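The values are calculated or read from the model by the stated rules, or taken from the named source; none is laboratory data. The model shown is predicted, which means the values in this text are computed figures rather than measured ones. In this analysis, Cβ positions are derived from the backbone assuming ideal geometry, glycine residues included, and neighbour counts consider all displayed protein chains. Side chains included, ligands, DNA and RNA excluded: accessible areas come from the protein's heavy atoms. Shrake-Rupley method; radii C 1.70, N 1.55, O 1.52, S 1.80 Å.
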Amino acid sequence: MRKNFGAKPILYPQPVFIIATYNPDGTPNAMNAAWGGISEENEITMCIAADHKTTANAISRKAFTVSMGTVDTVVACDYLGIASGNETPDKIARCGLSTFKSDFVDAPLIDEMPMAVECRLKSYDPETCRMVGEVVNVCADESVLTDGNIDPQKLRPIVFDGMNHTYLSLGEKVGDAFCDGNRIG
């Protein structure tokens, strides 16, 4: 027997994406967004409302970065989703985060978030709230690498549980992609 919940934006997992931009005065801004993902090989799509400061900044600067929220940054990530950049222009500093400029796009990277996707704005549709970015680089701090690749066990990304309004840490490895299925047939 299944329980029906109706039409709700619930899907597992929903990564905790921290979208970072520069304000018009050059100070960094960031927000927490769970509705997004890879939409093409070199494209990411986010769903963020037109009234967010981050949206206006991304449109103005034609760039943004998307960092993965982590276990170590969960409190700051939550704050970045609670506080509005329109009302709290120094919200990155308030959470104790520091930034540096991307070498690839006109947007900040967050020191304490060791993995990010650097994007050029491709489009924004205010009716659907869909922001599309061209992925120009993925970067990761050496502290989260194993054998030169991003290691999820070291990164410790978090996901949003919209049904229960909680953050969860991604768990253990349970299989090998493009391999385990070969055992069938």
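Which label marks the calculated value of mean projected area of the Cα convex hull in nm², given the options (1) 13.2; (2) 11.8; (3) 10.3? From the options (1) 13.2; (2) 11.8; (3) 10.3, the structure gives (1).
For the peptides 102-112, 44-54, the ranking by mean Cβ contacts within 10 Å, running from highest to lowest, is 102-112, 44-54. Would you mind checking K3/K53; K3/K122; K8/K53; K3/K91 for any pair whose Cα atoms are more than 32 angstrom apart? Table pairs above 32 Å Cα-Cα are K3/K53; K3/K122; K3/K91. Using the 1.4 Å probe convention, the accessible area of the range 36-128 works out to 49 Å² per residue with neighbouring protein chains retained.
Computed per residue of the chain from DSSP H runs no shorter than four, each worth -39500 (n - 2.57), the mean residue ellipticity at 222 nm is -3500 deg cm²/dmol. Leaving out ligands, DNA and RNA, and with a 1.4 Å probe, what % of the accessible surface on the range 21-145 is carbon or sulfur? The nonpolar share, carbon plus sulfur, comes to 50 percent. Sparse packing (at most 15 other Cβ atoms within 10 Å of the Cβ) combined with a DSSP loop state is found for the following chymotrypsin sites (Phe, Trp or Tyr not before Pro) in the range 105-185: F178. Under 18 Å from the Cα of K154, which lysines turn up, not counting those fewer than eight places away in the same chain? Within reach: K173.
Counting every C-alpha pair in the range 37-140, the share spaced more than 21 angstrom apart comes to 33%.
Per residue, the average separation of C-alpha pairs within less than 8 Å and at least 6 apart gives the range 95-142 a relative contact order of 30 percent. Heavy-atom accessible area for S169, with the other protein chains in place and a 1.4 Å probe, reaches approximately 70 Å². Within the full protein context, the accessible area of E134 is estimated at about 60 Å² for a probe radius of 1.4 Å. Place a point 7 Å from Cα of R130 in the direction of its Cβ. Which residues in the range 25-56 have their backbone N less than 16 Å from it? Zone members listed by number: 35-50. Averaging over all projection directions, the Cα-based convex hull of the range 138-185 occupies 5.6 nm² in the image plane. For the chain, the relative contact order comes to 24 percent (Cα pairs under 8 Å, sequence separation of at least 6). Expressed as a fraction of 2.2 N^0.38 Å, the value expected for a compact globular protein of N residues, the C-alpha radius of gyration of the range 65-106 is 1.23.
Contact order for the range 127-172, expressed relative to its length and based on alpha carbon pairs under 8 Å spaced 6+ residues apart, stands at 21 percent.
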